[in-house]
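See structure below.
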Amino acid sequence: MEAVPFSTSTRLAVMTGAGISAESGVSTFRGKGGLWSKYNLYEVATPEAFARDPRMVWEFYNLRRAQLPTVEPNAAHHALARLEAAMPDGAFTLITQNVDDLHDRAGTKHVLHMHGELAKVRCTGCGTITETLDDLGPLPHCDSCGAMLRPHIVWFGEMPMFLDKIDVAVRDCHLFLAVGTSGTVYPAAGMLSLAKSCGARTVGINLDEPDNVDSIDHFFQGKAGELLPPLVDEWLSRL
Ligand code: OAD
């Protein structure tokens, strides 16, 4: 594995996507067998779809929510948690497009879930956010105000979460690592070239070449669960 510059003073920003959870048994979105080959994203993952047919949208997310307790973090999630624990405060930022809770369960303390979280629901009336993986039925409503609940998920056409914090971490990092993401969905996909244009080295680990591979200085092709732990161990040996 080609050496990537890393030292005690390195500030690292990590962006993960569905590929990091693939070895845990969570489906990716694109490619053969991906969720968007089985579902029409415009029918299940847009505000318009929820306004038109909330039952169908809930059905899609209830299946994803029910799967969460049946899957476990893999070696790649654990490697990133080890890295966060070993790096100085503020030097490690984990940004994920994933709505699963596998980074959190692996022990990473600060996870920026830019596309929301399956384990949370939000009231469309009073805005209350509740953490729950309970089966809420086909069309859940808020206990306090009676309005319809929605998954706490960023749908296509909505603004991702934590963009201010993400922007600072990406512009300030010395090293940007992208793991398991096809580099197709913006603004997440643009973070890599933003980091590079601000002077960072960029590293990618992915099964297939992502769309933004031209902006990656060190690209390692393969499975995150196999390639990330040795890379992290090598970095840890330099702390
Ligand atoms: P994609 O499904 O677009 O891409 C997953 C990437 O992971 C692909 O490039 C695969 O080659 C790679 N991959 C698969 N298995 C892997 C493994 N074991 N190790 C490493 N890489 C692997 O998923 P995302 O890029 O995360 O948004 O998709 C971005 C967004 O599109 C998602 O957050 C979601 C989706 O629509 C919303 O729902 C808003």
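The table below gives the values:
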| quantity | calculated |
| --- | --- |
| Tabulated pairs, segment 50-64, first modelled with pLDDT of 95 or more, second in a helix (DSSP H, G or I) and open to solvent by less than 20 Å² (accessible area, probe 1.4 Å), C-beta under 6 angstrom, 6+ apart or interchain | Phe50/Val57; Val57/Val44; Val57/Ala49; Phe60/Val44 |
| Index of the failed condition, Met159 passing every other in (1) open to solvent by less than 60 Å² (accessible area, probe 1.4 Å); (2) within 15 Å of the ligand (Cβ to nearest atom) | (1) |
| Residues located in segment 60-72, provided they are open to solvent by 20 Å² or more (accessible area, probe 1.4 Å) and of a type outside the set (A, V, I, L, M) | Asn62, Arg64, Gln67, Pro69, Thr70, Glu72 |
| Flag for Phe6 being among the aromatic types (Phe, Trp, Tyr) and open to solvent by 20 Å² or more (accessible area, probe 1.4 Å) | no |
| Answer residue from segment 38-49, given it is more than 10 Å from the ligand (Cβ to nearest atom) and free of Cβ contacts under 8 Å to residues at least 40 places away in the same chain and is surrounded by the most Cβ atoms within 10 Å (Cβ to Cβ) among those | Tyr39 |
| Every pair of residues 6+ apart whose Cβ atoms lie under 6 Å, when the first sits in segment 83-109 and is open to solvent by less than 30 Å² (accessible area, probe 1.4 Å) while the second is at pLDDT below 95 and among the small types (Gly, Ala, Ser) | none |
| Which listed residue, of Gly116, Gly125, Gly107, is over 17 Å from the mean Cα position of the chain (by Cα) and not polar (S, T, N, Q) | Gly125 |
| Pair list, Cβ < 6 Å and 6+ apart or interchain, from segment 176-198 residues that are of a type in the set (D, E, K, R) to residues that are outside any helix (DSSP H, G or I) | Lys196/Thr202 |
| The one condition in (1) open to solvent by less than 20 Å² (accessible area, probe 1.4 Å); (2) within 10 Å of the ligand (Cβ to nearest atom); (3) under 22 Å from Val154 (Cβ atoms) that Gly31 fails to fulfil | (1) |
| Residue count, segment 200-215 (criterion: more than 12 Å from the ligand (Cβ to nearest atom), touching a residue at least 12 places away in the same chain (Cβ under 8 Å) and open to solvent by 20 Å² or more (accessible area, probe 1.4 Å)) | 2 |
| Per-region count, segment 171-199, residues surrounded by fewer than 21 Cβ atoms within 10 Å (Cβ to Cβ), more than 16 Å from the ligand (Cβ to nearest atom) and not small (Gly, Ala, Ser) | 6 |
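The values are calculated or read from the model by the stated rules, or taken from the named source; none is laboratory data. The structure displayed is predicted, hence computed values, not measured ones. Neighbour counts are summed over all protein chains in view; Cβ atoms, including those assigned to glycine, are modelled from backbone coordinates with ideal geometry. Quick note on the areas: whole protein, heavy atoms, side chains included, nothing else; ligands and nucleic acids left out. Shrake-Rupley method; radii C 1.70, N 1.55, O 1.52, S 1.80 Å.
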